[in-house]
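See below for the structure under consideration.
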């Protein structure tokens, strides 16, 4: 469950279990051991995780389940408390105990209730076994774990620990291995990708890492950068993205707000003027680049004026991709106890107003693509259309390109040129270019 970072942890655990001789099944009724890798980032995600745990526990009565284990963020965040309150659960695997999955399963099968939730120091290496669950043509590569930003609304440092980068050589080795297995899209991820290297090398090194990865990446493979942080975004990074054609002209840079009082309360390190300057620099250096960001509405103390400032900035910056989150008070964060909490109905109303604005902007930006040709990574076919994603579309979070082929067959996992004919709010419609 949860984000792409959790997906990688799941793949590592699957690889380790398979190496130890466990047989994996797609039929949940057949499973003797069930492991739920949970999200615990915000309250709705926690509630969804708990629902899955309780539903899965029923399989002890109706299926073959002997052991139900809970892994990931929820386990790390609540530890023994979770075991005490949910007797259905037979053991916990925290975010720092991923590589211990085999011994934890063995202990649970013997009747032990294991609570393996040490302080997170784990970081995976390219030599660990990994059973990917993403389509064969795309993969996530975690370049770091943890976070040192300590935003007032965020529990990630509590769940994932302090920032720790993987060595460049190790990331490079993994990327080369994935490419050799036929992966066409490498999505570089972390809680904060742009802070990469600061802990290991004493400086921000994402630009150097990208240069190295570009050298081992063939022309027909995309490198995509996700989960950046504006406070650690360097001019060198912008130069590398502009110069290396194997790096997607796509940036995911969560900004959270533009109003200075809100940014200060959120413990963000940049002011609104800094953000505007950075966006201008990015647009001037790389015209046509797709910018994705996220904003939080309803943060404690947000007034209608602060929110109007955010809407004005969205109109001004015209981001191609925007995610809007309603603020969720989380235990252990600085924002939880802040005064001037915004009522739920106001959060909801602001969320819909912001989403409506972004839908209009997205449609307008998509209409500008009509008549242009884009490269599409083909993902499948449905309702008479092939579909895939362009450079401007990250997996799982962005739109898709639907296209006809006039009877010509195309294969999933290959790149094709598509001429765009018309736009929808978030998707594009086109035809195969011959």
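The numbers here are math on the coordinates, done by the rules we state, and not lab data. Quick caveat, the model's predicted, so the values are computed rather than measured.
Annotations
- Helix-only arithmetic for the chain: the sum of -39500 (n - 2.57) across DSSP H runs with n ≥ 4, divided by the residue total, places the mean residue ellipticity at 222 nm at -11000 deg cm²/dmol.
- Choice from 170, 127, 260 showing the highest fluctuation, given a GNM over the chain with Cα pairs closer than 10 Å: 127
- Values of log10 I(q)/I(0), in the order q = 0.12, 0.13, 0.18 Å⁻¹, for the stretch 373-432 under a Debye, Cα-only, solvent-free model: -0.22, -0.26, -0.51
- Summary of the geometry: the stretch 264-301 and the stretch 117-137, compared by the centres of their Cα atoms, lie 31 Å apart.
- Among beta bridges identified by DSSP and lying wholly in the chain, the antiparallel ones come to about 35 percent.
- The chain: most fluctuating residue of 154, 117, 64 per GNM, C-alpha cutoff 10 Å: 64
- Part-to-part distance (alpha-carbon centres) for the stretch 369-388 and the stretch 58-107, which is given in Å: 41
- Dividing the mean sequence gap of close Cα pairs (under 8 Å, 6+ apart) by how many residues the stretch 373-432 holds gives a relative contact order of 36 percent.
- Within the stretch 138-367, the proportion of C-alpha pairs whose separation exceeds 27 Å stands at 37%.
- Rg/Rg_ref, the stretch 219-325, where Rg_ref = 2.2 N^0.38 Å and atoms are Cα: 1.11
- Kirkwood Rh in Å, taken over all unlike Cα pairs in the stretch 1-139: 15.1
- Stokes-Einstein diffusion for the chain, with the hydrodynamic radius set to the Kirkwood value over Cα pairs and evaluated at 10 °C in a medium of 1.306 mPa s, equals 69 µm²/s.
- Within the listed set 382, 424, 113, the residue fluctuating most in the Gaussian network model of the chain (springs between alpha-carbon atoms under 10 angstrom) is 382.
- Across the stretch 224-366, C-alpha contacts under 8 Å between residues 6 or more apart give a mean separation that, scaled by the residue count, equals a relative contact order of 23 percent.
- Rel. contact order, % - alpha carbon contacts under 8 angstrom, at least six apart, the stretch 77-214: 21
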